[in-house]
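All remarks here apply to the structure that follows.
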């Protein structure tokens, strides 16, 4: 029991505890370098964070009033529509208000862009109508219905436009054209069939005539042969009759006397 307490006292005595490990100067320098690099990385990350936050605040300040400017564009459209319909005297009263509002928007980096005669760009334009002009390329903007606007370098409102496109045929028109084409094809096939039948009839008549013409000389030769045979048979019969008359057994001598 006493020995155990003595051993425990030795362990708790700081004088008898092991001495801390001593490091060299080189090791201390390396540790300091690692700490310095860590602090530099943390400082760089913090600086980048500050820059991002500053940029986000700028972006927010730029576009936080975009909805207000968007509503003002409707007033600009009303001014432009009224100036197109009013008399020159009325335009003189409206133009100062219109240009004053336009300068206010430009001062706040809201600028107008033109879309007329430009190639359709879905990032800038919104198609409301289509038309066709054979003298212009396809997908060219023919008319601006509402002008487009930028706020800084971003689109605040797409330009509403009418573009050039070939007219698309309706399904009913396509069906009608196909039906007409089928009718034409069926008519041409029927006429061709009729012509083929007529040609077959003509060929059959020609074949019959040709067969008759080719067979007539053979028939004549056959008839001549039959006539010669019949003539020779008749002459033979006459000769046998004469001989029978001259035969004494038949009384031919008495008749001669």
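The values are calculated or read from the model by the stated rules, or taken from the named source; none is laboratory data. Here the structure is a predicted model, which means the values were calculated and not measured. Note that each Cβ is placed from the backbone with ideal geometry, even for glycine, and that neighbours are counted across all protein chains shown.
Of all the criteria given as (1) in contact with a strand residue (DSSP E or B) (Cβ under 8 Å, 6 or more places away or on another chain); (2) farther than 29 Å from residue 113 by Cβ, the one not satisfied by residue 144 is (2). Restricted to strands (runs of 3 or more DSSP E) entirely inside the range 146-257, no element has at least 1 residues that are outside the structural domain of residue 107 (by TED's automatic domain parsing) and modelled with pLDDT of 75 or more.
Let's see how each residue does on (1) at pLDDT 85 or above; (2) over 30 Å from residue 105 (Cα atoms); (3) not in a helix (DSSP H, G or I):
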| residue | (1), (2), (3) |
| --- | --- |
| 3 | no, yes, no |
| 6 | no, yes, no |
| 44 | yes, yes, no |
| 58 | no, no, no |
| 73 | yes, no, no |
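Checking each residue of the range 115-138 against the condition of being in contact (Cβ under 8 Å) with a residue 40 or more places away in the chain, surrounded by 12 or more Cβ atoms within 10 Å (Cβ to Cβ) and outside any loop (DSSP other than H, G, I, E, B) gives no match. Only a single criterion out of (1) surrounded by fewer than 13 Cβ atoms within 10 Å (Cβ to Cβ); (2) touching a helix residue (DSSP H, G or I) at 6+ places or on another chain (Cβ under 9 Å); (3) at pLDDT 90 or above is not satisfied by residue 90, namely (3).
All conditions but one from (1) under 25 Å from residue 141 (Cα atoms); (2) touching a helix residue (DSSP H, G or I) at 6+ places or on another chain (Cβ under 9 Å) apply to residue 70; the one that does not is (2).
Restrict the check to the range 164-175 and report whether at least one residue is touching a residue at least 40 places away in the same chain (Cβ under 8 Å), in contact with a strand residue (DSSP E or B) (Cβ under 9 Å, 6 or more places away or on another chain) and on the phi < 0 side of the Ramachandran plot. No.
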